[in-house]
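The values are calculated or read from the model by the stated rules, or taken from the named source; none is laboratory data. None of the values given here were measured: they were computed from a predicted structure. As a convention, Cβ positions derive from the backbone with ideal geometry for all residues, glycine included, and neighbour counts pool all protein chains shown. Protein only, heavy atoms only, side chains kept; ligands, DNA and RNA dropped before computing areas. Shrake-Rupley method; radii C 1.70, N 1.55, O 1.52, S 1.80 Å.
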Amino acid sequence: MNSFTNQLRQIARRLWRAPVFTLVTLITLAAGVGANIAVFSVVNGVLLKPLPYPHPGSLVGVWHTAPGLNIDDVNMAPSNYFIYREQNRVFEDVGIYQGDSVSVTGMGNPEQVQALDVTDGVLPILGLTPVLGRWFNRADDSPSGPDTVMLSYDYWQSRLGSDHSILGRTIRVNGKARQVIGVMPKEFRFLDWEQPKLFLPMRLDRSKTTLGQFSYEGVARLRPGVTLQAANADIARLWPIVLNSFPAPPGFSIDLFNKARLGPDVRPLTKDVIGDVGKLLWVLMGSIGVVLLIACANVANLLLVRAEARHQELAVCAALGASPWRIAKEFLLESAVLGVSGSLLGLVLAWGALRLLVALGPDGLPRLHDIGIDLTVLVFTLVVALFCSLLFGSIPAVRYAGTRVGTGLRESRTTSQGRERHRTRNTLVVIQVSLAFVLLICSGLMIRTFRALIHVDAGYDTTAKIQTVRLGIAEADVPKNDDVIRMQQAIQQKIAAIPGVESVSFGGSVPMDGWGWKDPLYAQDRSYAGNAMAPLRKFLFGAPGLLKTLGIPIVAGRDFTWDEVFEKRPIGMVTENLAREYWGSPANALGKHVRVSSTDDWREIVGVIGDFHDDGMGKDAPTIAYLPTILNHFESDMFNIRRFVVYAIRTPRAGSESLMKDVRQAVWSVDANLPLTDVRTQDYYYQKSISRTSFTLVMLGIAAGIALLLGIVGLYGVIAYSASQRTREIGIRIALGAQRNTITTMFVRQGLVLAGSGIACGLLLAFAATRLLRSLLFHVSPMDPITYVLACIALSGAAMLASYIPSRRTAAVNPVDALRAE
């Protein structure tokens, strides 16, 4: 033990006497290890950490596939829910849920809050206990049951002052009094949703349920011992029972549902939470792992140089009886001290980076609240520290632990080194350059993807200053549908009168806000053999003037008029891509008729609008049917209206609080009980649609930048050390008449040969690695030649500069001084 302590003291003194070496090594390790800890913390929090519910492994999401419609993900429908709940053999319980937005009035200013509609089994399935009261029961969830509500802990605390007497009291939700029956646990989070403030029973009526309406999400808990395969087999058994238990909705036939060929897709609930972000995070983890390898190679090179300087000292130790194992152990122990110290410093850097990441809250990154430093991350840090220590410590240990006594004592520091003495360091530099080249390629592909995204025409005016705000008119407050549209128009007129407002209108959604749905769209002049289902199209809704406000062009025909809206005329519009698919050109689409179901009115196409991206900039513009916000005979309903709409306000004041103050006054002058929500600018939705690409670009860019810097530093170090060891040789060359440019060229050529070897190896690695990025790219090939050429040029230029600087200094040596020093 004393011997080990003495060795540690000697190593500490030796590192203290070499502050530059120690500082550079620790910074290099901290950068590589810290980046790995930070990204692993994200991977751990998002992908590896179990969901925060009891026995999370038995929680599943209940989904379906519809190969007959070429749809991979189909949600739950009420008809499926009833049969699954009543006749399944694999679930302890099953439920469905749906996001909602409700108004709360009677407690000061009206407000619009996020809510969650659930069947009675959803919350108990998660296995938690309310902090106050109880869960919903079957009576609450029945159509004739009492009007009840549950509160989130935060809402109970902030809005109701943590009042423990709230149970049994009522609050007014969507104009209706609801009795509070419970409060959620403090730490409760519903999956990764924007956390609901209120929870409402869904109260489905089984007697009125038809097939279809796959717009609900399902959750279930498996019985002990039941596998996913068994659960999927049971759902496959139940689907024919669903078809035979409920009628098709009016205007549709059972044949259409048979042709969809619905199949089961029960999967871990974790997948519903994290979505498809897993592949992105593993790509980032791999790229940061490459940075760590480059950092280790750099430190190994520093240790080799340091060991080379101790070559004679090690020979003396060997002469005095030190065994190769004792010398190797000293190298490894010194590496362990550096590895642990660098990892601890990296842990501090990672902690700061994670705090910043969580604060910024990048869109598209789920489970942000689960990201942090925990025991798993600390164990990972220890493993990384040991890995780094062994990796970069073993190279000098193997190289110099077996130093020969005679050879070591005969050699002089003034002796120019041969190729054998450079080979290990050169190999490490080639590895560094090749790995840095791979990351440069990956970063370059993401830059090209980002450039492709921002140069794609969004289809609407992305330069305009547009404020968006949502509001809903509850049926309990305004029961007559005609009064709803007149109130919405009155609000539009009030907002239009605000100073600086250029135009304003409203609709069911604005581009890329995530609203809208898909349904089949039949054309009157097309035949559908054997009652085949028409292709699914996206349906959006808008009032007159919304297209103009958003800057979406009308390429043929015209917009709706208010007279047509109030008279509920059967009209509609379609996007240009849909018009060309069905009728060859926008002009040919005018006057044609379309509908959803056989009981609907045929709607005349009065206009064709330009294609616009509504599913994100990374996806092609969808085919869209665009309809008025108030309709007769639509989707088999006698009457259909958008009560929850978004107002788009074009004004230079967009994004300012002063504008929203004026908007609130305008809205409340029409109805003082109307709350406003989702106050955003249109640019917010645009930026959100490219946020995942920009996040990936930033992360890969940081990784590539660190890798390039470390690779070039490693190359610089090798050339500088090589030049310093050849001072006597250079002095003789210059004394014999060699030109200084020739000396410089010799070292630059050496650097370019190393860089070229690294690029050649990196090309082979890049061909394999970039295939993993395929799903993250947009209109860019993984083999994009421009990216590869530019990466080669950039790395070669950096290598040339890294080689030129030390060689220039060496070529300027005075031959007399060099020979005298030798």
For the chain, with every protein chain kept in place, what is the accessible area per residue (1.4 Å probe, Å²)? 43
Mean Cβ-within-10 Å packing, highest first, puts peptides 684-697, 666-679 in the order 684-697, 666-679
Which of Val555, Tyr155, Ala350, positive extreme of dipole for the chain (C-beta unit charges): Ala350
Roughly speaking, what is the centre-to-centre gap between the range 461-508 and the range 155-225 when only Cα atoms are used, to the nearest Å? 29
Counting pairwise Cα distances across the chain, what percent come out greater than 37 angstrom? 57
Which of the pairs Lys197/Lys259; Lys208/Lys480; Lys259/Lys592; Lys494/Lys619 have their Cα atoms more than 31 Å apart in this structure? Lys197/Lys259; Lys494/Lys619
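Relative contact order for the chain using alpha-carbon pairs under 8 Å, separation at least 6, rounded to a whole percent?
On the way: 1473 pairs, mean separation 133.3, N = 822.
Computed value for the chain: 16 percent relative contact order.
May I have the convex hull volume per residue, in Å³, for the Cα set of the range 544-655?
128
Taking the mean number of other Cβ atoms within 10 Å as a proxy for protection, how do you rank 623-631, 98-106 from highest to lowest?
Working: 623-631: 23.4, 98-106: 19.0.
Ranking, from highest mean packing down: 623-631, 98-106.
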Dividing the alpha-carbon Rg of the range 231-311 by 2.2 N^0.38 Å yields what? 2.44
Can you tell me which aspartates and glutamates have their Cα less than 20 Å from the Cα of Lys465? Leave out same-chain residues fewer than eight positions away. Asp457, Glu502, Asp513, Asp614, Glu657, Asp662, Asp678, Asp683
Based solely on C-alpha atoms, express the radius of gyration and the Dmax of the range 598-739 in angstrom. 32.1, 102
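Using the membrane-span-like helix rule (whole DSSP H runs, Cα extent along the own axis of at least 30 Å, mean Kyte-Doolittle hydropathy at least 0.0), which helices of the chain qualify? Please list the in-between numbers first.
Values: long enough: 19-43 (35 Å, 1.98); 277-309 (48 Å, 1.70); 324-360 (52 Å, 1.29); 375-400 (37 Å, 2.00); 419-455 (52 Å, 0.63); 691-725 (50 Å, 1.43); 740-769 (43 Å, 1.16); 785-811 (38 Å, 0.94).
Span-like helices in the chain: 19-43, 277-309, 324-360, 375-400, 419-455, 691-725, 740-769, 785-811.
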Have a look at the DSSP beta bridges in the range 134-287 and tell me what percent are antiparallel, nearest 5. 60
Quick one: check the C-alpha center-to-center distance for the range 589-634 versus the range 69-130, whole angstrom. 29
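Return the equivalent ellipsoid semi-axes of the range 412-529 as a descending list in whole Å, where each equals the square root of 5 times an eigenvalue of the C-alpha gyration tensor.
Details: eigenvalues 841, 110, 42 Å².
Result for the range 412-529: semi-axes of 65, 23, 15 Å.
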Where a Cα-Cα gap under 16 Å defines reach, which lysines qualify for Lys271, not counting those fewer than 8 residues away within the same chain? Lys49, Lys279
Once the convex hull of the C-alpha atoms of the range 50-120 is built, how many Å³ does it hold per residue, rounded to a whole number? 180
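To the nearest 500 deg cm²/dmol, what mean residue ellipticity at 222 nm is calculated for the chain from DSSP H runs of n ≥ 4 alone, each contributing -39,500 (n - 2.57), summed and divided by the residues? If you can, show how the numbers build up before the last one.
Numbers: 26 runs with 410 residues, N = 822.
Calculated mean residue ellipticity at 222 nm is -16500 deg cm²/dmol.
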If only Cα atoms are counted, what is the Rg of the range 569-615, and what is its Dmax, in Å? 10.9, 31
Taking the Cα atoms of the range 141-251 alone, what are Rg (to one decimal) and Dmax (as a whole number) in Å? 18.6, 51
